[in-house]
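Engineer: Encoded as structure tokens, here's the structure I'll be asking about.
The values are calculated or read from the model by the stated rules, or taken from the named source; none is laboratory data. All values derive from a computational prediction rather than experimental measurement. Please note: Cβ atoms are built from the backbone with ideal geometry, for glycine as well, and neighbour counts cover all protein chains shown.
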Amino acid sequence: MNTLSRSILCDLTKVFAFGLVVLTFIMVLIGIGQQAVQMNLGVGPTLKLIPFALPNALAFAVPGTILFSACFVYGRLAADNEVVAVKSMGISPMVLLAPAIGLSFLLSLVAVWLNDVAYSWGHSGMQRVVIQSVEEITYGLLRTQRSYANPRFSIIVKEVDGRRLIRPIINFQANNDLPAFTLTASEAELRSNLDENTLSLILFDCQMETDDGVRFDWPGRTVQDIPLAFAAAKDVGEGNPAHLPLRKMASAIVDQRQTIVDLEQSVAAEVGLALMTGEFELLEMQNWQKRQSSISNARLRLYRLQSEPWRRWASGFSCLAFVMIGAPLAILWRSSDYLTTFGLCFVPILALYYPLFLAGLDYAKTGVTPPVTVWLGNIVCMIIGIGLIRKVIRN
């Protein structure tokens, strides 16, 4: 690497490092603040979220920061006529652009890793902190709003006296094992047990009533233990393809394909048995739709598993795609106002890249197109970038 390339790389690194620290700090504050307000978290749980939120903030900050760095450095070079001077000495402008392209390629690899860590380790860590803070979250919402709800159960109280819940009404939603039912009590208390990963509902003079009208009375003290994950305000989403690490994707895809084969064979066997035995009620539309729905859901999960690795790699390599557009545009505009240059680069990229990326991802996740469609935004930006680089070389 010659002196000119080293100088440009040094400038890019300095601007990138400073911008990354500032932007990451802002994004962490915004992300943690939203979680803290939404979940009514205290200071302790909020601070515990910071390390788990950092990979996600970095994954979003890196592409924008490297684009800003390229606009800043190359806009200043062009405005000071240094690009013209380099060309007059017979040196190709690619010597100037090579450091940005090389740095953005390396950062793209880092961004892929950050995306993987953010979607798997970061997400599960934030969920774990929230789950372990269920007791604090629930009491906070009950004190301020007199109610707490999640997709599985809800609590309404008349008032909260210290840790005592006065006249609580607890509604449990129906699930695969139990019907919906309602618990009422004169008072209650919540107590989490992190060692056993449970939340205890301590009820006094409790009554239970099911949706069918069946009623039970439990005078005195009654304790009902529920899993902390069940009590969390959001679904944990275990097994969600979006939250699996890349190292587990290949085996998960193989397992899911086998699951689909097993479901199809099971349906074929049941249909054959029904035809042989004459039990045609098994082929009624209601039963048939349920079996077909399970197969369709399994296929949708397979499509999501197949598209997820492509999504993380495409998202990471947005760094390279952005720089291939931003660096030559900054040279062509020859403006020392780097903020304007960045805005003129970022707005078209925002309007072009992300709609194409999201459209390709949606089609891939539903199986309409192959997973490589996720790279549509990157490919279009890189093609435009190659055209801009050729224009810089020619002019």
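Engineer: In the set Leu350, Leu320, Leu339, which member is within 21 Å of the chain's Cα centre (by Cα) and either assigned by TED's automatic domain parsing to the domain that holds Ala59 or buried (at least 24 other Cβ atoms within 10 Å of the Cβ) (or both)?
Structural biologist: Criteria check complete, one pass: Leu350.
Engineer: Please specify each residue of region 326-342 satisfying the condition of being of a type in the set (Ser, Thr, Tyr) and in contact (Cβ under 8 Å) with a residue 60 or more places away in the chain.
Structural biologist: Across region 326-342, the qualifying residues are Ser335, Ser336, Tyr338, Thr341.
Engineer: Still on this model: For region 354-374, enumerate the residues that are within 17 Å of Ser296 (Cβ to Cβ) and touching a residue at least 60 places away in the same chain (Cβ under 8 Å).
Structural biologist: Ala364, Lys365, Thr366, Gly367
Engineer: Here is a further query. Can you report the number of residues in region 353-372 which are in contact with an Asp or Glu (Cβ under 9 Å, 6 or more places away or on another chain) and surrounded by 18 or more Cβ atoms within 10 Å (Cβ to Cβ)?
Structural biologist: Qualifying residue count, region 353-372: 2.
Engineer: Condition test on Ala149, is it out of contact with any strand residue (DSSP E or B) (no Cβ under 6 Å at 6 or more places or on another chain) and over 19 Å from Ile202 (Cα atoms)?
Structural biologist: no
Engineer: Tally the residues that are surrounded by fewer than 16 Cβ atoms within 10 Å (Cβ to Cβ) and either small (Gly, Ala, Ser) or touching a helix residue (DSSP H, G or I) at 6+ places or on another chain (Cβ under 7 Å) (or both), restricting the search to region 164-176.
Structural biologist: Of the residues in region 164-176, 1 are surrounded by fewer than 16 Cβ atoms within 10 Å (Cβ to Cβ) and either small (Gly, Ala, Ser) or touching a helix residue (DSSP H, G or I) at 6+ places or on another chain (Cβ under 7 Å) (or both).
Engineer: Go through region 124-155 and count every residue that is touching a Gly at 6+ places or on another chain (Cβ under 8 Å) and either part of a helix (DSSP H, G or I) or among the acidic types (Asp, Glu) (or both).
Structural biologist: Result for region 124-155: 3.
Engineer: Assigned to a helix (DSSP H, G or I), modelled with pLDDT of 80 or more and not assigned by TED's automatic domain parsing to the domain that holds Asp116: which single residue out of Leu263, Leu282 fits that description?
Structural biologist: Being assigned to a helix (DSSP H, G or I), modelled with pLDDT of 80 or more and not assigned by TED's automatic domain parsing to the domain that holds Asp116 holds for just one of Leu263, Leu282, which is Leu263.
Engineer: Would you point out the residue of region 327-342, among those that are in contact with a Ser or Thr (Cβ under 8 Å, 6 or more places away or on another chain) and of a type in the set (Gly, Ala, Ser), that is modelled with the lowest pLDDT?
Structural biologist: Residue satisfying both the conditions and the ranking: Ser335.
Engineer: If Gln207 satisfies every condition in (1) closer than 21 Å to Ala36 by Cα; (2) in a strand (DSSP E or B) but one, which is the exception?
Structural biologist: All conditions pass for Gln207, except number (1).
Engineer: Can you name the residue in region 26-54 that is surrounded by fewer than 13 Cβ atoms within 10 Å (Cβ to Cβ) and out of contact with any Asp or Glu (no Cβ under 9 Å at 6 or more places or on another chain) and, of all such residues, is modelled with the lowest pLDDT?
Structural biologist: In this case the residue turns out to be Gln38.
Engineer: Only one of (1) closer than 24 Å to Phe322 by Cα; (2) in contact with a Ser or Thr (Cβ under 7 Å, 6 or more places away or on another chain) is not met by Ala36, so which one is it?
Structural biologist: Every listed condition holds for Ala36 apart from (1).
Results for (1) more than 25 Å from Asp195 (Cβ to Cβ); (2) among the basic types (Lys, Arg); (3) assigned by TED's automatic domain parsing to the domain that holds Leu190, shown as yes or no for each residue.
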{"position": "His123", "(1), (2), (3)": "no, no, no"}
{"position": "Gln127", "(1), (2), (3)": "no, no, no"}
{"position": "Thr138", "(1), (2), (3)": "no, no, no"}
{"position": "Leu141", "(1), (2), (3)": "no, no, no"}
{"position": "Thr144", "(1), (2), (3)": "yes, no, no"}
{"position": "Val160", "(1), (2), (3)": "yes, no, yes"}
{"position": "Arg163", "(1), (2), (3)": "no, yes, yes"}
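Engineer: Cβ-Cβ distance below 6 Å, separation of 6 or more or different chains: which pairs start in region 125-150 with a residue that is within 19 Å of Asn56 (Cα to Cα) and end on one that is at pLDDT 80 or above?
Structural biologist: Every condition considered, the pairs that remain are Gly125/Phe52; Met126/Leu49; Met126/Phe52; Val129/Pro45; Val129/Lys48; Val129/Leu49.
Engineer: Let me spell it out: the conditions are (1) within 17 Å of Arg6 (Cβ to Cβ); (2) of a type outside the set (Ser, Thr, Tyr); (3) touching a residue at least 12 places away in the same chain (Cβ under 8 Å), and Leu106 meets all of them except one. Which number is the exception?
Structural biologist: (3)
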